[in-house]
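Below: one structure, written as structure tokens.
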Amino acid sequence: MGAPAPPPEQCEACKHFRGLQMPEHLPADAADMEDLDDYVCDAFPDGIPEEIAGGTFDHRNAFPGDRGIRLEPMTWHGPYQIRKLIECDSLGSELE
């Protein structure tokens, strides 16, 4: 049984990020933790698209199917969240 990949960086700093898909949403044929590889959020409850998860798309912009929900920074900023917000801002600068 393997561990899931780490969550997408820009998603970790977003208040809409919900983490790994919960077991009640898993397909009936999900066998073990290796099947828990879909990170979800309010915009994408069935799985964050690869373009966003892979960091090639800045989700401060509209993306098909996001239901009007975009990346929004968390309102609580501990050291971990601040680091992630800085990384997201750097990502946005690289993508512009």
| request: Output the peptides 40-51, 8-19 sorted from most to least packed, where packing is the average of other Cβ atoms within 10 Å over each peptide's residues. | output: 8-19, 40-51
| When the chain is fully extended, how far beyond the present Cα-Cα distance does Lys15 get from Phe57, taking 0.36 nm per residue of separation? | 13.3 nm
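Computed from the coordinates by the stated procedures, all read-outs in this text should not be read as laboratory data. These numbers were taken from a predicted model, which means no experiment stands behind them. Positions of Cβ are backbone-derived with ideal geometry, glycine not excepted, and every protein chain shown enters the neighbour counts.
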